[in-house]
Amino acid sequence: MTVKPLLKVENLKKYFPVKSGLLGKTTGYVKAVDDVSFHVNEGETLGIVGESGCGKSTTGRMLMRLLEPTEGTVEFDGKNLTTLTPQEMRKTRRDIQMVFQDPYASLNPRHTIEKILEEPLVVHGIDNAKERKKKVREFLEIVGLSAYHAKRYPHQFSGGQRQRIGIARALMTNPKLIIADEPVSALDVSIQSQVLNLMQDLQQEFNLTYIFIAHDLGVVRHISDRVGVMYLGKMVEIADSEQLYAKPMHPYTQALLSAVPVPDPAHKKEQIMLEGDIPNPANPPTGCTFHTRCPFKMDVCEKVVPQLVQHESGHSVACHLYDEVSNNDIKQKQMEGSF
Ligand code: SF4
């Protein structure tokens, strides 16, 4: 089977101006997303992980042009989205939908579930009123709710049920890509796995491609085919899921992974405690922006920005630890646990 990218993101940037003084003069920029490139193949799930403020949600919003990129290109299904007119972009949003973290905030509390689910169809001029109502009931059942729920209001549902409604709304237009921004972070752990399982089932049934944004590597582990790790606006590592969890290369990924609980304590690695907080993105550290917290920092790290380089097939990392060493050395050191 040939795998083809559905989405290709190149050199994406989002710089927010910092204004000060009475005249609101621009005195600098917050580089929320700084030169990020990745692709997502048709039918796969790409997890994007990082602490809050790393730029993952800003990236997700730029893909739909809910935020305009400062620079870079987003190619979706062969179309460069960054050059589309607002009208063309509105049409394309039928194929790209979002699921948000807080389903309650994203569902209009004054509307019935029927009206909420019908809305994307009305906006895109899909089906007549009778067909729309039928489809609403069908999709409520597909996401594990009941047709009679259509007449209820969002406050009459639990958090998990509301997220099912958010997922149903995203599915209504028969999209190709769903960007799920922390879709289970606000839910209890027991409900999280139900919603994740539902998303996996729907992916199979509707041949969906997912971008799954989360702050925790544990959450995306089972749902992602590949995972990208972001830190302070940059992609610092991206790899096949199996490779990333078995042999994380970037010290930041290693630290995030060491904090993920494992079912078998015999396989638990010592937790790597990172010093300090994420630096101010308006005034990021020089060179590698992780150098203020990195246990492996070298002199070069403060001076030179590491580039995201592919070291093994499909496994790229931005870190000077790998500048000088050969792939064999990396494998050896990973086996010894020194990376
Ligand atoms: Fe640490 Fe240097 Fe690698 Fe940055 S480039 S992660 S500071 S070793």
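The values are calculated or read from the model by the stated rules, or taken from the named source; none is laboratory data. What you are looking at is a predicted structure, and each value in this text was computed from that prediction instead of being measured. Cβ sites come from the backbone with ideal geometry, for glycine too, and all protein chains shown count toward neighbours. Heavy atoms of the whole protein, side chains included, go into the accessibility calculation; ligands, DNA and RNA do not. Shrake-Rupley method; radii C 1.70, N 1.55, O 1.52, S 1.80 Å.
The single condition from (1) more than 13 Å from the chain's Cα centre (by Cα); (2) open to solvent by 70 Å² or more (accessible area, probe 1.4 Å); (3) touching a residue at least 40 places away in the same chain (Cβ under 8 Å); (4) more than 15 Å from I178 (Cβ to Cβ) that S52 fails is (1). When R132 is tested against (1) touching a residue at least 60 places away in the same chain (Cβ under 8 Å); (2) open to solvent by 20 Å² or more (accessible area, probe 1.4 Å), exactly one condition is not met: (1). Residue pairs whose Cβ atoms lie under 6 Å apart, sitting 6 or more positions apart in sequence or on different chains, and linking a residue in the range 299-322 that is under 15 Å from P251 (Cβ atoms) to a partner that is of a type in the set (D, E, K, R) and outside any loop (DSSP other than H, G, I, E, B), are V317/E237.
Restricting the range 250-266 to residues that are buried (at least 18 other Cβ atoms within 10 Å of the Cβ) and more than 23 Å from T45 (Cβ to Cβ) leaves a set whose member that is modelled with the highest pLDDT is P251. Would it be correct to say that N197 is over 19 Å from Y104 (Cβ atoms) and assigned to a loop (DSSP other than H, G, I, E, B)? Answer is no for this residue.
The helices (runs of 4 or more DSSP H) falling completely within the range 82-139 that include 3 or more residues that are closer than 18 Å to Q156 by Cα and within 26 Å of the chain's Cα centre (by Cα) map to 103-106. Scanning the range 100-119 for residues that are modelled with pLDDT of 95 or more and buried (at least 16 other Cβ atoms within 10 Å of the Cβ) turns up T112, I113, E114, I116, L117, E118. Here Y231 meets each of (1) among the hydroxyl-bearing types (S, T, Y); (2) in contact with a helix residue (DSSP H, G or I) (Cβ under 8 Å, 6 or more places away or on another chain); (3) over 30 Å from S20 (Cα atoms) with one exception, condition (3). When the range 206-219 is filtered for residues that are more than 23 Å from V189 (Cβ to Cβ) and touching a residue at least 60 places away in the same chain (Cβ under 8 Å), the ones remaining, listed by number, are N207, L208, T209.
Answer with yes or no whether G276 is surrounded by 13 or more Cβ atoms within 10 Å (Cβ to Cβ) and more than 24 Å from the chain's Cα centre (by Cα). No; evaluated as a whole, the condition is false for this residue. Scanning the range 200-214 for residues that are within 25 Å of A147 (Cβ to Cβ), under 18 Å from the mean Cα position of the chain (by Cα) and not in a helix (DSSP H, G or I) turns up just one, L208. Within the set K269, K247, K331, K297, the sole residue that is within 15 Å of the ligand (Cβ to nearest atom), modelled with pLDDT under 95 and open to solvent by 70 Å² or more (accessible area, probe 1.4 Å) turns out to be K297. Inside the range 279-294, can you point out the residues that are open to solvent by 60 Å² or more (accessible area, probe 1.4 Å) and either over 23 Å from Y15 (Cβ atoms) or within 10 Å of the ligand (Cβ to nearest atom) (or both)? Passing the criteria: only T292. Being in contact with a helix residue (DSSP H, G or I) (Cβ under 7 Å, 6 or more places away or on another chain) and either without any contact (Cβ under 8 Å) to a residue 40 or more places away in the chain or β-branched (V, I, T) (or both) holds for only one residue in L121, L84, L67, and it is L84.
Being more than 30 Å from V227 (Cα to Cα) and outside any strand (DSSP E or B) is the filter; apply it to the range 1-39 and report the residue that is most open to solvent (accessible area, probe 1.4 Å). Among them, the one singled out is L22. For the range 300-316, filtered to residues that are open to solvent by 30 Å² or more (accessible area, probe 1.4 Å) and within 11 Å of the ligand (Cβ to nearest atom), the residue that is farthest from V18 (Cα to Cα) is V300. If you go through the range 225-237 one residue at a time, do you hit one that is closer than 28 Å to A180 by Cβ, modelled with pLDDT under 95 and either within 11 Å of the ligand (Cβ to nearest atom) or touching a strand residue (DSSP E or B) at 6+ places or on another chain (Cβ under 6 Å) (or both)? No: zero hits.
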